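J.: My structure is below; once you've seen it, I'll send some questions.
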Amino acid sequence: MRSSKLLSCVRNTIQRRYKSDALVVRSCSSSAKPPEKDDSCGEFELKLDSNKKGLVLGIHQKDKELSLSKAAEEVDQKSGGKISQYMNQLSDELKRGKAFIVTDVLPEFTAVALSWMGPKESAYCELESLDEARENVRWCAGAGVRRLMERGCGAVLVDVGSAPDAAAEAAELAAWRFDLFKAPDDRRPACNVGPFGAEGGDRWREGAVRARAQNWARYLSDMPANKMTPADVAQAAIDRLCCLGIMIDAHDREWIEAQRMKAFLAVARGSCTEPMFLECSYKGGNDSSPPVLVVAKGVTFDSGGLCLKECESMTENRGSMAGAAVALASLDALARLKVPINVNVVIPLCENMVSGQCMKVGDVVQALNGLSIQIENTDFEGRLMMADALVYGQAVYKPSLVVDVATFTKGVLMATGGGAFGCFSNNDSAWRVVRRAGALSGDRPWRFPLWQYYHAQISNDPAVDLRNKGSGHATPCLGAAFLKNFICGDWVHMDITGVGKVAHFVAPPYLDPRRMTGRPCRTLTTMLTHIASGGKDNYVARSAQPPTKCMK
């Protein structure tokens, strides 16, 4: 009985394979071996071998019309027209995010991946708020690199198309993986990626720097909470950034208490793990130029406190310090690219845990600027920490612009479905710079309202100045309205929930759907680079600031 079932299963499998391959062969006028379909599930099947070389080539597509990229045309000529033959085979099957493997093109390459690169005339799309030409190159490179890695290729060259830096970003992001806790024998060697041809070498290097920075952010966010405590985050920053000329101060609890950061300490007191307060300074511009202040949330594990999260919600919350990871990684990229700008980063680091000492619902704490805050939900701890950090950073550094980055509210994920991060700003030109940076990097922002309507919902208790939860259901807007009370000038708030943690199954092919994303590291880096350049449609500070009570 078992044998008959086994034979039937094998026979059905063989028939399915035969029929699948036959469909490809019938559309081909050549006797060449048909390309392998991209039916992988994302697992690496073969151990990477640096002696196995792979090549990613792009195929342009508009409707059902296919054409070769410039690099593919070059290889087509060298191979006697094999790429054109395979392209004809794929006329009905090539899709966005798909790559097909061929193995008999050129002797120096073990395998060649033919990957979708979109229409040749792609450009910026206003409706999508995206530079589609650059993103198409990323999808092409990402799908091709991952497919070749599954074939065991340890060295991959990539067709850069019209955007070498975008190709480098996707290639480096696709090649990265997190296997630190695997047994040594099971760890896989790194895949080396590079551009195919001599064009765009400098732009490739710039893109590679940004992608490697994002990979570091992915590493920091993906580390288990017991291996990436506040002290570990501070040490990782010191180890990586100090050698780039970035000044770092890591402050302990005694210093935090001396600064009277009571709102931050209310969050930290629930854990036995000591909090840290991290200050980083990158001086790439003139000494007289006011810096940009970046404030990031660094909750290395978020249980929700007494308002305990469900277990499923906690599985990703080692990544509640994704904002801190993004801010540190952006500093890394700015320093390596030598961007002429001054940036100061302040990051409160702690855990939000349950204990006999943790903050309770109904507690009232005082922020650094003197405003009283009623704690209505202990799971809304990020705004308490960020309030003190924002006031401190502005008082010390007198910035021209404040940018804060945090996994803040689940409402942003519900609103955008992971397609964008939420952005709030009180300066239109600052918003335009963020929007432009997101269009170029592929990590798009979406602007939410910053109305008095929401402020009224967090300040309508006569007993206190602010409530940390407030009324209503617009949680992203309520969170931004809360932080606005601690802002003295131009400001951008990035709520990265939905894009900054695990990518899930809406991820592009250059991001692993099971791992942390490190987003929007490249958007923040590109934004700060544009501010440094002072080009057209760039950020312009307001000449006069409205009166504010943000600093006592």
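J.: Select from the stretch 336-354 the residues that are assigned to a strand (DSSP E or B) and open to solvent by 10 Å² or more (accessible area, probe 1.4 Å) and list them in ascending order.
T.: N342, N344, E351
J.: What number of residues within the stretch 464-480 satisfy the criterion of being touching a Gly at 6+ places or on another chain (Cβ under 8 Å), aliphatic (A, V, I, L, M) and open to solvent by 10 Å² or more (accessible area, probe 1.4 Å)?
T.: Residues that pass the stated criteria total 1.
J.: Also: Do we find that R205 is of a type in the set (K, R) and closer than 19 Å to K338 by Cα in this structure?
T.: yes
J.: For the stretch 383-426, name all the residues that are assigned to a loop (DSSP other than H, G, I, E, B) and of a type outside the set (V, I, T).
T.: K398, P399, S400, F408, G417, G418, G419, A420, N426
J.: Name the residues in the stretch 293-333 that are among the hydrophobic types (A, V, I, L, M, F, W, C), under 29 Å from T529 (Cα atoms) and either surrounded by fewer than 23 Cβ atoms within 10 Å (Cβ to Cβ) or over 16 Å from the mean Cα position of the chain (by Cα) (or both), would you?
T.: L293, V294, V295, V299
J.: Return a yes/no flag: does the stretch 370-377 have any residue that is of a type in the set (G, A, S), more than 31 Å from the chain's Cα centre (by Cα) and outside any loop (DSSP other than H, G, I, E, B).
T.: Yes, there is a match, as at least one residue in the stretch 370-377 is of a type in the set (G, A, S), more than 31 Å from the chain's Cα centre (by Cα) and outside any loop (DSSP other than H, G, I, E, B).
Here's the yes/no breakdown for (1) among the β-branched types (V, I, T); (2) at pLDDT below 95; (3) in a helix (DSSP H, G or I); (4) on the phi < 0 side of the Ramachandran plot:
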{"site": "F482", "(1), (2), (3), (4)": "no, no, yes, yes"}
{"site": "M494", "(1), (2), (3), (4)": "no, no, no, yes"}
{"site": "T497", "(1), (2), (3), (4)": "yes, yes, no, yes"}
{"site": "R514", "(1), (2), (3), (4)": "no, yes, no, yes"}
{"site": "I531", "(1), (2), (3), (4)": "yes, no, yes, yes"}
{"site": "S543", "(1), (2), (3), (4)": "no, yes, no, yes"}
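J.: Check N286 against each of (1) under 22 Å from P399 (Cα atoms); (2) among the polar types (S, T, N, Q); (3) crowded, with 21+ Cβ neighbours inside 10 Å and name the one condition it does not meet.
T.: Here N286 meets the rest and fails (3).
J.: Please name all residue pairs, on different chains or six or more residues apart, with Cβ atoms under 6 Å, provided the first residue is in the stretch 465-479 and is closer than 18 Å to R447 by Cα and the second residue is of a type in the set (G, A, S) and buried (at least 20 other Cβ atoms within 10 Å of the Cβ).
T.: T475/G411; P476/G411; P476/G422; L478/G470
J.: Moving on to the next point. Quick check: anything in the stretch 483-503 in contact (Cβ under 8 Å) with a residue 40 or more places away in the chain, hydroxyl-bearing (S, T, Y) and either closer than 22 Å to I373 by Cβ or open to solvent by 30 Å² or more (accessible area, probe 1.4 Å) (or both)?
T.: Within the stretch 483-503 (the criterion being in contact (Cβ under 8 Å) with a residue 40 or more places away in the chain, hydroxyl-bearing (S, T, Y) and either closer than 22 Å to I373 by Cβ or open to solvent by 30 Å² or more (accessible area, probe 1.4 Å) (or both)), the answer is yes, since at least one residue qualifies.
J.: Would you confirm whether any residue within the stretch 395-403 is touching a Gly at 6+ places or on another chain (Cβ under 8 Å) and open to solvent by less than 10 Å² (accessible area, probe 1.4 Å)?
T.: Looking through the stretch 395-403, at least one residue is touching a Gly at 6+ places or on another chain (Cβ under 8 Å) and open to solvent by less than 10 Å² (accessible area, probe 1.4 Å).
J.: A further question follows. Count, please, the residues in the stretch 359-369 that happen to be of a type in the set (A, V, I, L, M, F, W, C), surrounded by fewer than 20 Cβ atoms within 10 Å (Cβ to Cβ) and assigned to a loop (DSSP other than H, G, I, E, B).
T.: The total comes to 1.
J.: Return only the number of the condition from (1) modelled with pLDDT of 95 or more; (2) more than 25 Å from D443 (Cβ to Cβ); (3) not hydroxyl-bearing (S, T, Y) that L130 does not satisfy.
T.: Exception for L130: condition (2).
J.: With respect to F380, is the statement that it is crowded, with 22+ Cβ neighbours inside 10 Å and assigned to a loop (DSSP other than H, G, I, E, B) true?
T.: yes
The values are calculated or read from the model by the stated rules, or taken from the named source; none is laboratory data. Computed from a predicted model, the values in this text were never measured in an experiment. FYI the Cβ positions are ideal-geometry reconstructions off the backbone, even for glycines, and counts take in every protein chain you see. We work out accessible area using only protein heavy atoms, side chains counted, and drop any ligands, DNA or RNA first. Shrake-Rupley method; radii C 1.70, N 1.55, O 1.52, S 1.80 Å.
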